[in-house]
Amino acid sequence: MQNTDRPKSKNLKVLKKTFSYLKPYKTKLFVAGVALVVTAAITLGLGQGLRHLVDAGFSARNESELAFAVGVIVFVGIFLAIGTYIRHYLISWIGERVSSDIRMDVFGHIIYLHPGFFETNSPGEIQSRITTDTTLLQTVIGSSLSIALRNILMFIGGILFLFLTNVKLTIIVLVSVPFIVFPILYYGKKVRNLSRLTQDKIAGVGTYVSEALLNIKILQSFHHQDEDKRRFSLTVEDAFSVSLARIRQRSLLIASVILFILVGISFMLWVGGRDVIAGKITGGELVAFSFYAIMVANSVGAFSEVLGDLQRAAGATERLMELLISEPEIREPIEPVSVVPSLKADIEFSNLSFSYPSRPERKAINGINLRIPELKTTALVGPSGAGKSTIFELILRFYDPTEGSIRIGGIPLDQLTTKDLRSLIGFVPQQPILFSGTLAENIAYSKPNASLEEIRRAADYAYITEFLNQLPQGYDTNLGHLGTRLSGGQKQRIAIARAILKNPKILLLDEATSALDSESEEIVKRALQNLMSDRTTILIAHRLSTVVKADQIVVVKNGKIEAIGKHEELLQTNALYERLASLQFQSEIV
């Protein structure tokens, strides 16, 4: 349901920022505008036509003349219904189309923003802006503005014709009409509430946005933005199709209501006209005044409601524009260096320092100098908060260093495009992230165009085939929201298969066996061995067995390197490592 408590803004000029989204649909806007003016003119003229035809027909006291007059009214009503259908359908189509375009633009922009942006901007709030705020704009563009313009014309024209006809009756009607119109407005609101049904699809859009933003680092580490934009566009278009069906039915409803009301009025005039012929009442003036009085009262009620919509939409526009003007802090190089297949996959840190944007006073990394040799395994060990995960984030260029530099194959990271850089790197987090979709889609997240044979091969290396027969539809089994239908070990093997499929030169591994049971741990370890072979591997170590096998161990504390060496050497020379080994790895030393 549309949230009517969204922030309001009295600065309606901000709505001009949405006009650029209307430009591609100028033809439809023009046709809708013509239909709006024509239907308004027909409606206003109909009142005077009613008065003339009723008086002429009734004064003649001729039933055949009366039938002709009623037929003319019905004929005009048909044209009015057709014009109203065209206006409402086109304006509503434009509203839905612009709302969909804005959603896609905002989503396509924010998934390229650096992860630091989401430290100070809640993904839930961003999701709300993309879904609820764009729905408000759709309401205004696709309904409220048209209603406002139409009712302004109806109000001015109606008041004018009321006073021109009879001042005394005008005063009486203006006092009594609100009591007549109230039921119409009340039931009209109930009809508008039926539009809630379309929010089911909008909720699906929101779910996709939420998943993408909550897992923005995984998305960006595989440089999955283009694929996510494509999939999100399909989701938005699906929601647009459903909304279009609702618009079509609502347009038919409005046109039918207008037609039936006019037919009903025509019948009433025919019945009342016979009374006029009999000399019981006068017809023309009463009919004209009833017509214009209802028109004026309805215009006032509708416009007061539209004003609230306009204010909420202005607030929504401000919030959406804030997202669209947000600039990514990670800048792409003007003249990037091309990545060649022969590029050496060694990594060098030179005087590296870094502070998170949300904590600028504290250095997460402080003056690190380190070389990660190619095709070797380097383990990072240290207490929690030492800076191990930060090193991964800097290698993936989620952030740029405050000082110093990082080079891969001798090339500074800021001279590579983020797409080229992240194409070199595979990342397996300690807590695996899965997305709603099938097993095959989750494995292929790192390579969307992978063949089924490639997916199966990666699954074999990750030992997924050992639990594949437990899935009812094999690779086509939907894993549920965030893979909730799988165990931790199964999720981890899918994350490993994802990295195997990518076949990266560099592997960042936040060792994933610490939270698993013994059986799952052994399977995951074998999968990791397949993954780590013939790659430059950096792992955050939680298990002694992994540390012992590492080619070099880097002990990190408070953002600084305490020591570098092999296991046996560090046990003898570094007190921190010896303490970590005796505490963290105690169960494995025995």
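Summary of computed values
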| read-out | value |
| --- | --- |
| Estimated inter-spin distance, Arg485 and Phe30, nm [label 7 Å along Cα→Cβ] | 5.3 |
| Ranked packing of 358-364, 76-82, most packed first, by mean Cβ within 10 Å | 76-82, 358-364 |
| Neighbourhood net charge (14 Å Cβ-Cβ; Lys/Arg +1, Asp/Glu -1) for Pro373 | +2 |
| Residues of region 337-355 with amide N under 13 Å of the 7 Å Cα→Cβ point at Glu403 | 350-355 |
| Summed residue charge, Cβ within 11 Å of Leu396's Cβ, Lys/Arg positive, Asp/Glu negative | +2 |
| By average C-beta atoms within 10 angstrom, highest first, the peptides 448-456, 500-508 | 500-508, 448-456 |
| Around Gln470: net Lys/Arg minus Asp/Glu count, Cβ-Cβ under 13 Å | +1 |
| Additional length obtainable on full extension of the chain from Asn449 to Asn351, 0.36 nm per residue less Cα span | 31.3 nm |
| Cβ crowding within 10 Å averaged over residues, with 557-568, 526-537, 126-137, 482-493 ranked highest first | 126-137, 482-493, 526-537, 557-568 |
| Per residue accessible area in Å² of region 448-574, where ligands, DNA and RNA are left out and the probe is 1.4 Å | 45 |
| Leu343 accessible area, 1.4 Å probe, all protein chains in place, Å² to nearest 10 | 20 |
| Estimated distance in nm for a label pair at Glu522 and Glu332, the labels positioned 7 Å out from Cα along Cα-to-Cβ | 4.9 |
| Length gained when the stretch Ile156-Lys560 is fully extended (0.36 nm per residue, less Cα-Cα span) | 137.9 nm |
| Cα-projected label distance for Ser64 with Asp226, points at 7 Å along beta-carbon direction, nm | 7.8 |
| FRET efficiency, 1/(1 + (r/R0)^6) with R0 35 Å, evaluated for Leu324 and Leu375 via beta carbons | 0.20 |
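The values are calculated or read from the model by the stated rules, or taken from the named source; none is laboratory data. If you're wondering where the values come from, they're calculated on a predicted model, not measured in any experiment. Note that we place each Cβ from the backbone using ideal geometry, even for glycine, and neighbour counts take in every protein chain shown. For the accessible areas, the whole protein counts, side chains as well, though only heavy atoms, and no ligand, DNA or RNA atoms are used. Shrake-Rupley method; radii C 1.70, N 1.55, O 1.52, S 1.80 Å.
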